[in-house]
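Enquirer: Handing you this structure, nothing more for now.
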Amino acid sequence: MKILGVTCLMMALLFSFSLYLDILQGFDLRTSLKNAYNPFVVMETPELVVLFLFVFILFADTIIAFVQKKKEKTNKTKT
């Protein structure tokens, strides 16, 4: 869970930093959001598949670890 939280926090901080720099350069908020989103728009299909695969692996690994820890904790309390 920590890895997922740190990853989301870093993504949010970097995204907000990018928006802040665009606003400092004189762009309005709409243009800043478009600049932040643009790299995902120009990706081709194989690149998007790899990106979503990495995100899925990140979430799946975190969920599997959480379920295994919960199962271990339940087994320890029963014995």
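The values are calculated or read from the model by the stated rules, or taken from the named source; none is laboratory data. Keep in mind it's a predicted model, so treat the numbers as computed, not measured. Ideal geometry is used to build each Cβ from the backbone, glycine not excepted, and the neighbour counts take in all protein chains shown. Keep in mind that these areas ignore ligands, DNA and RNA; they rest on the heavy atoms of the full protein, side chains included. Shrake-Rupley method; radii C 1.70, N 1.55, O 1.52, S 1.80 Å.
Enquirer: Restricting the search to region 38-66, which residues are closer than 25 Å to Leu19 by Cβ, over 13 Å from the mean Cα position of the chain (by Cα), open to solvent by 90 Å² or more (accessible area, probe 1.4 Å) and at pLDDT 90 or above?
Expert: Selection gives Glu47 alone.
Enquirer: Further question on the same structure: Can you name the helices (runs of 4 or more DSSP H) wholly within the chain that have at least 3 residues being touching a residue at least 40 places away in the same chain (Cβ under 8 Å)?
Expert: In the chain, 2-24, 45-78 are the helices (runs of 4 or more DSSP H) which contain 3 or more residues that are touching a residue at least 40 places away in the same chain (Cβ under 8 Å).
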